[in-house]
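What follows is a single structure, written as structure tokens, with notes after it.
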Amino acid sequence: MKAVITGENDRLVGVNLLDNDDVEHVIEMEKDGTITGHQQDGYPDDPAQRTDEQGERVLQARKFARYYVFVEEGYDTVPAPENPVRIDAVRQAITEMDLAEFEKHFGDLYQQFDYEDGAGTKPAMTPPAEATDPTIYSKNVYLGVDPLETDLGTELARKHNLDVTKDAAEIDLTDVSGRELDAWGEFAGEFTARAIDEDVDLSDAAYIDDTSELYVKYPSGSNLVAADDHLAPAAREPDTVIELLPIDPQDLEYFKSFMDHYLRCQIRDSFVEMGVHPPEEFCVIGLGRFMAARGYDYVDFYPEFHKTKSDAFA
């Protein structure tokens, strides 16, 4: 995949790219990633007339164009759960957790798998009637950023006379005075503005801020949809979504290491679905994003990355 940005105004960005079949695509998108125009000269204009492979090339072009704009211009053009940068921040945050914190966020998933494997005595949930067999268990994962883990955050905290000895995740703003609250507000505004202006790398400051309740999904057309309606609408997109079939979780430490591998598979899928060979550390075999695995089964030019015995990266 090769791309260049052809123009930009206050609302739109234009991208010209060649896909992996050397077909040219001209794509226009809003700065939130909404594609407003897409022309190409190698495949039928009617999606219904395209082969599976041709349809996948068109989707790859759109995904790569969004990622290219994200990388080159810094606009939030990639849906968060498909963005390999966000998924890797989740992976690294989980790696840094101790087992107690990991259990706090993912203990219900471990409990469910332990029960289904026959070792546990009580499930974390009862799957609804419309769930598939085997069930696809899901959790939404939300990142937070601790600005005090960055040089910029420490600098600005001292400027505003704020306590830099605590992690941001531990600060309860209900316990501070009005003057301190105003100072934290000024700090947050200045940190956000300068982090954007100075292109500060926030990946090392990321932590798991929240996770959703455990729920299940089932395939519907080309998507996975939630089988549960008990989840309250989230205020923002999750930074990744866990979508797992039951496994033997062994013990909590093993399950934590398994999550690292699983998220590497998710990152692999994000790159592959935009027609890009994954970076070496994400060239792994195993099940990642559920619907990506369907593509590996049905699109001829994809190796079977999700199956344990494969020469996918040979």
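The values are calculated or read from the model by the stated rules, or taken from the named source; none is laboratory data. It should be emphasised that the depicted structure is a prediction, and the values quoted were computed from it without experimental measurement. Backbone-built Cβ (ideal geometry, glycine too); neighbour counts: all protein chains shown. The protein model used for the area step is the full one, side chains on, heavy atoms only, and it has no ligands, DNA or RNA in it. Shrake-Rupley method; radii C 1.70, N 1.55, O 1.52, S 1.80 Å.
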Here the qualifying pairs (Cβ atoms under 7 Å; residues six or more apart or on different chains; first in the range 105-132 and free of Cβ contacts under 8 Å to residues at least 40 places away in the same chain and over 16 Å from Ile242 (Cα atoms); second open to solvent by 50 Å² or more (accessible area, probe 1.4 Å) and hydroxyl-bearing (Ser, Thr, Tyr)) come out as Lys122/Tyr115; Pro123/Tyr115
Could you grab me the full set of residues in the range 10-30 that are in a strand (DSSP E or B), under 13 Å from Ala61 (Cβ atoms) and under 25 Å from the mean Cα position of the chain (by Cα)? Val15, Leu17, Ile27, Glu28, Met29
Consider Gly7 against the criteria (1) at pLDDT below 95; (2) surrounded by 12 or more Cβ atoms within 10 Å (Cβ to Cβ); (3) part of a strand (DSSP E or B): it satisfies all of them except one. Which criterion is unmet? (2)
Residues in the range 259-281 that are out of contact with any Leu (no Cβ under 9 Å at 6 or more places or on another chain), aromatic (Phe, Trp, Tyr) and free of Cβ contacts under 8 Å to residues at least 60 places away in the same chain: how many? 0
Filter the range 292-306 down to the residues that are out of contact with any helix residue (DSSP H, G or I) (no Cβ under 8 Å at 6 or more places or on another chain) and open to solvent by 20 Å² or more (accessible area, probe 1.4 Å) and list them by number. Arg294, Asp297
Can you tell me which residues in the range 108-126 are aromatic (Phe, Trp, Tyr) and either open to solvent by less than 40 Å² (accessible area, probe 1.4 Å) or not in a helix (DSSP H, G or I) (or both)? Phe113
Across (1) at pLDDT below 90; (2) out of contact with any strand residue (DSSP E or B) (no Cβ under 8 Å at 6 or more places or on another chain); (3) open to solvent by 20 Å² or more (accessible area, probe 1.4 Å), Leu224 clears everything bar (2)
Conditions: (1) open to solvent by less than 30 Å² (accessible area, probe 1.4 Å); (2) in a strand (DSSP E or B); (3) not charged (D, E, K, R). His105 meets all but one. Number of the miss? (2)
Kindly establish whether Asp88 is part of a helix (DSSP H, G or I), of a type outside the set (A, V, I, L, M, F, W, C) and at pLDDT below 95. yes
